[in-house]
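Readers should treat all values here as calculations from the given coordinates under stated rules, not as data from a laboratory. This is a predicted model, so every value here is computed, not measured. Don't worry about glycine lacking a Cβ; one is built from the backbone with ideal geometry, like all the others, and counts go over all protein chains shown.
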Amino acid sequence: MDEGQIRSASAKAERILHEVETVIVGKPHAVRQVLVGLIAGGHVLLEDIPGVGKTMLARAMSRAIGGTFRRIQFAPDLLPSDITGSNLYNQSTHEFVFRPGPIFANIVLADEINRATPKSQASLLEGMEESQVTVDGVTYDLPSPFFVMATANPIEFRGTFPLPETQMDRFLLRIGMGYPSHDDEIEVLSRQTRGHPIAHVNAVATVEDIQMIRAVAQEVHVEPSVKDYMVSLVEATRKNPRSLLGASPRGSLGLFKASRALALLDGRSFVTPDDVKRIAPMVLCHRISVDPQLAVQGVTPEHVVIEALEQVPVPLAAAS
């Protein structure tokens, strides 16, 4: 691959990162992981307690990359047609006309997705998997690129519904934000002295730039030994006796896509085993279910992934 293409794509991605970080203070890893999801052509679930900046990260990212943006506020009374759109009768033409819903955008923020009922949550499945929606038997293509950023509060909070496994598996990455440090929280206060900094976020990329970056990421080289390492990690989550359900083949594909995007952000034309290790928890943990009896004892999917990373031999892959 032309190293110039890598440098150009990496530089454009870095500009997006810097622009978003003018709003999101002290969370460079979370910002970077969201951009990995966008470049890899996947979708991202931001899961954490209320008030730590999940929605603001989504809004800042959407502003920085340009394109169309729609926000869907999920609630118990949200209907699937409120997301996908519906056919309305036009009295002047005596015909039904399709009115697109908010899912028809480059960037869709599914805010507090687990506050809606499972039926409404499921209305996103076709769009997330196939970049299309079907309404009354007619299929409509979604804009390209199409990227869903969903925010969710912990299931222990009142008024939330668990995301079904099929929905969770559609997200390439699950990312946590966490509380800011003491100094970072002071910086947050200082930056909002005269208004919110989100108002000053500029579009530093275009839809065409994102398409170009994605195309370059798809050319990032992955050694056969590194591919074997990815699959071995996923298989280890299935063989772990603590697992009720291990990661699906979509988990292997997720590691493949996300690792290439991460390598591109680092300015490299090849994936290293370290790329896989860094992104594996975000790609795999939400695809794993542990034995309920062990879960009561504090065993989590994170433990399963950590064990896999410790047990699976790391290949000595040559750079190409």
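From the coordinates of this entry, semi-axes √(5λ) of the Cα gyration tensor in Å is computed, and it appears in (i) 40, 25, 18; (ii) 30, 25, 22; (iii) 56, 18, 15 under the label (ii). Put the Cα centre of the stretch 120-179 next to the Cα centre of the stretch 27-86 and the gap is 10 Å. Once the Cβ-Cβ distance of residue 215 and residue 88 is raised to the sixth power relative to R0 = 41 Å, the FRET efficiency obtained is 0.60. Projecting label points 7 angstrom from Cα along Cα→Cβ for residue 184 and residue 309 puts them 1.8 nm apart. Listed from fewest to most Cβ neighbours within 10 Å, the set 151, 68 follows the order 68, 151. Set the Förster radius R0 to 41 Å, insert the Cβ-Cβ distance between residue 2 and residue 291 as r into 1/(1 + (r/R0)^6), and round the FRET efficiency to 0.05. My answer for the efficiency is 0.25. Quick one: plug the Kirkwood hydrodynamic radius of the stretch 58-117 (C-alpha pairs) into Stokes-Einstein at 4 °C, 1.567 mPa s, and report D in µm²/s. Translational diffusion coefficient: 100 µm²/s. Ordered by the count of other Cβ atoms within 10 Å of each Cβ, fewest first, 36, 31 give 31, 36.
Since only 173, 240, 65 are under comparison, the one whose Cα sits farthest along the positive direction of the charge dipole of the chain, derived from C-beta charges on Lys, Arg, Asp and Glu, is 65.
Restricting to DSSP H runs of at least four residues, report the calculated mean residue ellipticity at 222 nm for the chain, -39500 (n - 2.57) per run over all residues, nearest 500 deg cm²/dmol. So the calculated ellipticity at 222 nm is -13500 deg cm²/dmol. So, R0 is 25 Å and r is the distance between the beta-carbons of residue 198 and residue 14; what FRET efficiency does that work out to, to 0.05? The pair residue 198/residue 14 has a calculated efficiency of 0.80.
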